[in-house]
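Let me begin by presenting the structure, written as C-alpha cells, before commenting on it.
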Amino acid sequence: MKISFNINGLPKTVEVDKNTPLLWVIRDILNLKGTKFGCGKAACGACTVHIDSEAVRSCSYAVKFAEGKTVTTIEGLGTEENPHPVQQAWIEEIVPQCGYCQPGFMMATAAMLEKIPNPTDEDIDNNIINVCRCATYYRMRKAIHRAAALTNDSSNPLNS
C-alpha cells in the first residue's frame, strides 16, 4: 500500500504493508537512524516522534495512521547550526551517558513544552515517562527546566 506523509519538512511516499510500525519505516526505509528501537511495546519511549506535534511511540504506531500527517523525528527537531532549545539544553546540561534513549526523551520534552511552557517537577514526572537505563533523570530534569527557559527567553538567539 502507498502511504504519503510529510517527514521533517519533506513529502514522502512509501510502499509498505499498512500495518508496518512507523518506526521501521523511519529507520529502514527512510534511513533516519536517530529514532531508536527500545522495547517494541510503546513502554520505554526510545522511539518517540511527533505526529502533528503530538508525541507518539512509533514502535506501535502503524504507518497507515501517518497518512497525510506531519511526522517529525529528532533529525527534524533542529539543526547543528540552529538546535532546538531542548537539544541546546541537553548539550548545556551534559545529559547523555550512553545516549541511546535521549532522542526519545528530547522529542517527548519538546512536545510537552508546547503544552506546558513552564513545567514544574510534577509536570515533568507526569508527562516524561520514558525510560533511561543509565538513570540520567536528574540531568534531564535540569535540562527540561533549562529548555523551558531557553524557549521562553525572547532575547535568546535560538528563538529568532
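The values are calculated or read from the model by the stated rules, or taken from the named source; none is laboratory data. Predicted model only: the values in this text are computed from it and were never measured. We place every Cβ from the backbone using ideal geometry, glycine too, and count neighbours over all the protein chains shown. In case anyone asks, the SASA skips ligands and DNA or RNA and just uses the protein heavy atoms, side chains included. Shrake-Rupley method; radii C 1.70, N 1.55, O 1.52, S 1.80 Å.
Listing for the model above:
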item	result
Most to least packed among 65-72, 144-151, 7-14 [average Cβ atoms within 10 Å]	144-151, 65-72, 7-14
Scattering curve values for region 114-156, log₁₀ I(q)/I(0), Debye with Cα scatterers, q = 0.20, 0.24, 0.29, 0.33 Å⁻¹	-0.65, -0.86, -1.10, -1.25
Per residue value of the accessible surface for the chain (all protein chains in place, 1.4 Å probe), Å²	52
D_trans [Stokes-Einstein, Kirkwood Rh over alpha-carbon pairs] for the chain, 25 °C, 0.890 mPa s, µm² s⁻¹	154
Cα-based Rg and Dmax for region 1-96, where Dmax is the largest Cα-Cα distance (Å)	13.5, 44
Extended-chain gain in nm, criterion 0.36 nm per residue less alpha-carbon gap, Ala135 and Thr79	17.5 nm
Rounded if a/c under 1.5, otherwise prolate or oblate - region 72-160, Cα gyration tensor axes	oblate
At R0 = 25 Å, FRET efficiency that the Cβ-Cβ distance of Glu15 and Thr70 yields, to 0.05	0.80
Alpha-carbon centroids, region 1-21 and region 123-137: separation in whole Å	30
Carbon plus sulfur fraction of accessible area for the chain, probe 1.4 Å, in percent	51
